[in-house]
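The values are calculated or read from the model by the stated rules, or taken from the named source; none is laboratory data. All of these numbers come straight from a predicted model, not from anything done at the bench. Backbone-built Cβ (ideal geometry, glycine too); neighbour counts: all protein chains shown. Please note that ligands, DNA and RNA were not included when accessible areas were found on the heavy atoms of the full protein model with its side chains. Shrake-Rupley method; radii C 1.70, N 1.55, O 1.52, S 1.80 Å.
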Amino acid sequence: MIVLLGVLVSVVGFSDAAMYMSGKMLGVNSAAMEDLEKESRAEADITYVDGHFATCEEMDGKLGISGDTHEVYYYIVENISADDMKKLIDGEMSGNIRNYFAYVVSVSSFDLKEKLDKNYRGWTDYFNGNTNEMPEAVHIEGKLCEQPKSSGYIKIRNNALKEIGIDASEVAALRLIDEKPDTMSLAMFGGGIGAVLVGAVGEICLYASARKKKREEFYY
């Protein structure tokens, strides 16, 4: 029984451990949408935030061992560089944008939430003529993982996409989360220890609202 439990725990920790030990990091800004179909470590400098569309309460835990719950904030963002954004605004670019696609970002860090909200408000102010300064990009380092599969989540996300004007076919399969492969996963993999509080195993959407943009539609 103890041996079996050790094997199960090691298997649970393997995915994160493999990500950590590989040393590979996907740069989302230079990636194609197809690159966001496999779980991996990833980082991005997010130039354009379309808005926050849901807040979910998620529970930490593995092997059925429950952990603490925490709020996770979901955003829709677009994979466009600051240079390309400026060219679009200045009318220097038309047609297809390099590596263009949208993807979902979910963060539990309140600091990152505030930065993403600030970027959203910054673009709103910019297109409303309240400022001449484009907002700063938001750097996130974490990993790619599946989006929630519940029908409620999918409906909320797709309604938000519809309001923004993005087709669901333009959204990457995986989401970027602000969670790094951790040392506890390495410990689980190497030693087969009990359980570790990482990863989301359940989500209950407590609140969701798609923010309808009131920005100038400058390239849709």
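If r is the Cβ-Cβ distance from residue 82 to residue 111 and R0 is 22 Å, what FRET efficiency results, to the nearest 0.05? Taking R0 as 22 Å, the efficiency between residue 82 and residue 111 is 0.55.
Projected label points at residue 162 and residue 121, each 7 Å from Cα along the beta carbon direction, are separated by 3.0 nanometres. Rolling a 1.4 Å probe across all protein chains gives residue 127 an accessible area of roughly 30 Å². Accessible surface of the stretch 85-184, 1.4 Å probe: 45 percent of it comes from carbon and sulfur atoms. Note on residue 33: accessible area is roughly 60 Å² with a 1.4 Å probe, heavy atoms of protein only.
Ligands, DNA and RNA excluded, the heavy atoms of residue 145 present near 20 Å² of accessible surface to a 1.4 Å solvent probe.
Note on residue 86: aspartates and glutamates with a C-alpha under 13 Å away, same-chain residues under 8 apart excluded, are 133, 136.
Among the listed pairs 115/162; 118/155; 24/155; 87/118, those with a Cα-Cα distance over 28 Å are 24/155.
When 37, 163, 179, 58 are compared by accessible area of protein heavy atoms, the largest-first order is 37, 163, 179, 58, using a 1.4 Å probe.
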